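A short write-up of the structure that comes next.
Laboratory data are not the source of any read-out in this text; all were calculated from the coordinates shown. Small disclaimer: the values here were computed from a predicted structure and weren't measured. With ideal geometry, Cβ positions are generated from the backbone for all residues, glycine too; neighbour counts draw on all protein chains shown.
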Amino acid sequence: MLQFLMKGGTPLKGEVVIGGAKNAALGILAAAIMTDEPVVLENLPDVSDINVMLRAISDIGASVERIDRHTVKITAGTIHTQRVLFDYVRNIRASYYLIGALLGKYKYAEVALPGGCAIGARPIDQHRKGFHAIGAVTEVTHEGALLARAENLTGHHIFMDVVSVGATINTMLAAVLAEGKTVIESAAKEPHVVDVANLLNRMGARIKGAGTDVIRIHGVEKLHGTTYPIVPDQIEAGTFMMAAAATNGDVLIRNVIPKHLEVISAKLLEMGCRVEEYDDAVRVIGCPHKSYVNVKTRPYPGYPTDMQPQTATVLALADGISMITENIFENRFGYVAELNKMGADITVCEKGDVATITGVSSFKGAAVEAPDLRAGAALIIAGLCAEGYTSVSEIKYVLRGYEDFDAKLRGLGAQIAMVTDEQEILDFIQKTGTMEEAAELFPFLAEK
Ligand code: UD1
């Protein structure tokens, strides 16, 4: 069984380079099929969510040419169907961006909807509201796909009821080729919204105001090809910042936009850590006695929900009692039971939106399971701090969003490996400790 195995206790030290933003890249890949000319995307992260999206684009007929590990050239003039009904697309939520892109370009889209999600219901009513406003009709088909079609798309004034990254990007995609002017009010302001808008503008779209809560789009007749580097991943960077803090390390995190990380840096400073900002890097220096802090997740520029679990891991080792309020998703404390197995002291209120974290002095290694992507990262950070060995299973979630996570952590001195079988487990333990230390976690070692 594929899992991450680690021996905790080494403060992370050194430099790590952050890759392109997965969530920006997912919207950008959809945008790239809106022209028949080649679009070259650089700094594309090599993670499974992106590879699923590339496969879907290729399976509907676009040419996807990998120039190197992080650069692809997409030429979409050969798309032969607007029906994206492959079962595998249900595994990634962001496949819904293909609806906006195909609807905008071909006035027709049918895309299999994602299945249930570990972090809550995640409706798409606001995406549909955006499509309807510019003249499309939509229906959920009996195959579990969203079908959207229009005779003509015409710009309109849209007031979103909730601030949604997905609905903002999807509406923007569908509206860039609509006739006339579209205004999206209560738009999401996340860096990935801005990055998708920047790419579309490079392709000839006329979008203004991305990054504010009002986005104005003047429809154009046609988009053209371009070359575009994807923005650095705010959440990957934030995850390494928390890993540095949790292990009392000293890490220079390179290829970042410090402005995108300010709210994370501010929390680390409140905890007592040191954060130094450079033009395109941040350095985080942990401290042994971190202070409790309270965190409330909010849409950007508020505290990102995607950083909530990693932050909880650090706070579980801080002095005092911290509170985390999750305001975005309804079921985002799935990792708490796992972290508590490692000795954390966290309780979640009955409603499920507030966690009370009583700091403990250390974690103890355990076998834990990743319930979702960011929770998986949080458990890995916990394992790096814990006494003894920790195994994190269900790492398919982690591989969806972190490229070479174990290799990057090893580069910072962590003792971590991705293992699949008993032999690899044995090799790792022989390299890092003794059979006795790991026997509780892996009873089969007793026979060795
Ligand atoms: C995106 C990110 C995800 C991140 C989230 C919030 C991608 C691929 N994923 O997800 O990692 O955690 O933003 O920053 O970029 N909502 C509705 N109706 C809708 C759409 C959303 O009620 O039609 C609600 C959701 O239930 C949630 C809130 O709006 O409570 C925000 O969700 P949204 O910003 O849409 O998240 P995603 O785009 O799915």
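Counted without the sites themselves, the longest stretch of the chain free of GluC sites (Glu not before Pro) in a DSSP loop having at most 16 other beta carbon atoms within 10 Å is 1-142. Using +1 on the beta carbon of Lys and Arg, -1 on that of Asp and Glu, and nothing else charged, what's the dipole of the chain about the Cα centre, debye to 20? Dipole about the Cα centre, nearest 20: 1080 debye. How many percent of all Cα-Cα pairs in the range 27-79 sit more than 19 Å apart? Cα-Cα pairs in the range 27-79 separated by more than 19 Å: 12 percent.
Here the range 216-235 and the range 45-106 have alpha carbon centers that stand 16 Å from each other.
The spacing between the range 1-20 and the range 323-353, judged by their C-alpha centroids, is 23 Å. For the range 192-209, the Karplus equation 6.51 cos²θ - 1.76 cosθ + 1.60, evaluated at θ = phi - 60°, returns couplings of 6, 5, 5, 5, 5, 5, 4, 4, 4, 5, 5, 8, x, 6, 10, 10, 10, x Hz by residue, with Gly and Pro reported as x. Within the range 43-87, the trypsin sites (Lys or Arg not before Pro) that combine a DSSP coil assignment with at most 14 other C-beta atoms in a 10 angstrom radius are Arg69. On a 0 to 90° scale, report how tilted helix 262-271 is relative to the longest principal axis of the chain, with both axes built from alpha carbons and the result rounded to the nearest 10. It is inclined by approximately 20 degrees. Whole-percent P(r), the chain, all Cα pairs, 20 Å bins from 0: 26, 54, 20, 1. Placing R0 at 35 angstrom, the Cβ-Cβ distance between Glu387 and Leu269 gives a FRET efficiency of 0.80 after rounding to 0.05. Applying the Karplus relation 6.51 cos²θ - 1.76 cosθ + 1.60 with θ = phi - 60° to the range 57-67 yields 3J(HN,Hα) values of 4, 5, 5, 8, x, 6, 8, 10, 10, 7, 7 Hz, where x marks Gly and Pro. Under the criterion of Cα pairs below 8 Å and six or more residues apart, the relative contact order for the range 3-65 equals 35 percent. A Förster radius of 22 Å, combined with the Cβ-Cβ distance separating Thr212 from Asp68, puts the computed FRET efficiency at roughly 0.05. Using the Karplus relation 6.51 cos²θ - 1.76 cosθ + 1.60 with θ = phi - 60°, the per-residue 3J(HN,Hα) values for the range 332-341 come to 10, 10, x, 8, 4, 4, 5, 5, 5, 4 Hz, with x marking Gly and Pro. Between amide H atoms placed 1.01 Å from N, distances below 5 Å from Ala367 occur with Ser391, all of them 5 or more places distant or on a separate chain. When you work out D = kT/(6 pi eta Rh) for the range 151-280 at 4 °C and 1.567 mPa s, using the Kirkwood radius from C-alpha pairs as Rh and the Stokes-Einstein form, the result is 79 µm²/s. For the range 106-176, just say rounded, prolate or oblate: build the C-alpha gyration tensor, square-root its eigenvalues into a ≥ b ≥ c, call rounded for a/c under 1.5, and beyond that prolate if a/b exceeds b/c, oblate if not. Since a/c reaches 1.5 but b/c is at least a/b, the shape of the range 106-176 is classed as oblate.
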